[in-house]
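These notes concern the structure reproduced below.
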Amino acid sequence: MMEDIAFGEITWRQILFLLGWVVGAMLLGKLIQLVLNGMGKTKRFESRPWVLVAFKSFSRPIPFLFLTIGLRYGLQTLSFSDGVEEIIADCFGVLFTIVVTFFVYSMVDVIDHAITHVTKKTKTTMDDMMAPMVRKSLRVVIVILALVQIAQILSDKPITSIIAGLGVGGLAVALAAQETIKNFFGSLVIFADKPFELGERIKVGGHDGTIEEVGFRSTRLRTLDGHLVTMPNGELANQMIQNIGKRPYIKRVMNVTITYDTPPEKVQQAIDILNELLENHEGMDAEFPPRVFFNDFNDCSLNLLVIYWYHPPEYWDYLKHANWLNMELLKRYNEAGIEFAFPTQTLYVNNTEVGLQHGAT
């Protein structure tokens, strides 16, 4: 007979009954998961994507929940000693804690979706980093609380004593992780102060590039050479940051040098040509008119100082305009016979006649 074949006090029938509970519960859990996912994809929820996220998040732990339930009720058909029963009870306490943690951990996706939906409506891109940081923070807290609960179940100690022990251990960890804590608070300072946003170009610590990511510990900067630089937030928060991405214009200061033998009329003509080229130039703002001055006598040239501002600060458009200005200036000066100066030296040699008197020997 089937029931006469046994392993100790457990018969084949009891084992098959246990497997039936486990497999049946898993199949039922998978079926409920598929039903919930299908409900979230129905047309009536197309305009509410958060509903689909909620259904998916809620359905994710269900197979594991039903597996735990099936295992629990399947084992109730078996007979164990009191010591084994206590161990099984503790194990199921841990399993149900994991199930609850899994549910809460998954539902964080709903909060993440809501925060992402709000941050997409803001103008600043810095807020876009808030959603993943909040998601990670919540999940870390959930896991820590779950571990505390599991420690209480396994140790049979009150939660207050466990928290007190964690406080002592946390102090030791805090002393050993001072840099990590410093970087964490540095990231909070960056998010509060917002010295830059994602995608903006900055100069900091000798590096020049665009911001790719801001995390709890570090910020990633993609340099103009294509290199990825990771900077700890604790140090970044204390450094001087030059935000090139927030400049309202590009200012150009150029020194046009002409030769010293240029007569005053030609100097004035050189100034007039520059003023003519820059009058109502591309990218000009009426509040920032160009400036041209004969401002200095250099060692080897007469210096014409040129200052103008290009709006908006689109770098490649600015370079195209600078290229056009340089070419036109070279052409106009050549036509006008105005010579550009370059470093030269003139040597004056004083020839002295030396008379030799030859005497008799």
(request) With a cut-off of at most 14 other beta carbons within 10 Å, and DSSP calling the residue loop, which GluC sites (Glu not before Pro) in the stretch 25-93 qualify? Please list them. (result) 46
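Would the stretch 196-245 count as rounded, prolate or oblate if I go by the C-alpha gyration tensor, calling it rounded below 1.5 in a/c and otherwise prolate when a/b exceeds b/c, oblate otherwise?
Rounded, since a/c falls under 1.5.
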(message) For a Förster distance of 41 Å, can you work out the FRET efficiency between the beta-carbons of residue 291 and residue 118, rounded to the nearest 0.05?
(response) 0.35
(message) For the stretch 196-245, what does the relative contact order come out to in percent, with C-alpha contacts under 8 Å and a separation of six or more?
(response) 37
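Within 14 Å, Cβ to Cβ, of residue 33, how many net charges do the neighbouring residues add up to if Lys/Arg are +1 and Asp/Glu are -1? Don't jump to the answer; show the numbers that get you there.
Numbers: positive: 30, 41, 56, 60; negative: none.
Here the count lands on +4.
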(request) Any chance you could check the Cα centroid distance between the stretch 208-276 and the stretch 65-109 for me, in angstrom? (result) 63
(message) Net charge around residue 62, counting only other residues with Cβ within less than 14 Å of its Cβ (Lys, Arg = +1; Asp, Glu = -1)?
(response) +3
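Determine the shape class of the stretch 247-336: with a ≥ b ≥ c the square roots of the Cα gyration tensor eigenvalues, call it rounded for a/c under 1.5, and otherwise prolate if a/b is greater than b/c, oblate otherwise.
prolate
Output needed for the stretch 182-222: three equivalent-ellipsoid semi-axes, defined as square roots of 5 times the C-alpha gyration tensor eigenvalues, in descending order, whole Å.
Working: eigenvalues 57, 22, 18 Å².
Listed largest to smallest, the semi-axes of the stretch 182-222 are 17, 10, 9 Å.
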(message) Can you tell me, using C-alpha contacts under 8 Å and at least 6 residues apart, the relative contact order of the stretch 247-336 as a whole percent?
(response) 41
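All of the numbers you see were taken from the coordinates with simple rules; none came from a lab. Computed from a predicted model, the values in this text were never measured in an experiment. Cβ atoms come from the backbone with ideal geometry, glycine included; neighbour counts cover every protein chain shown.
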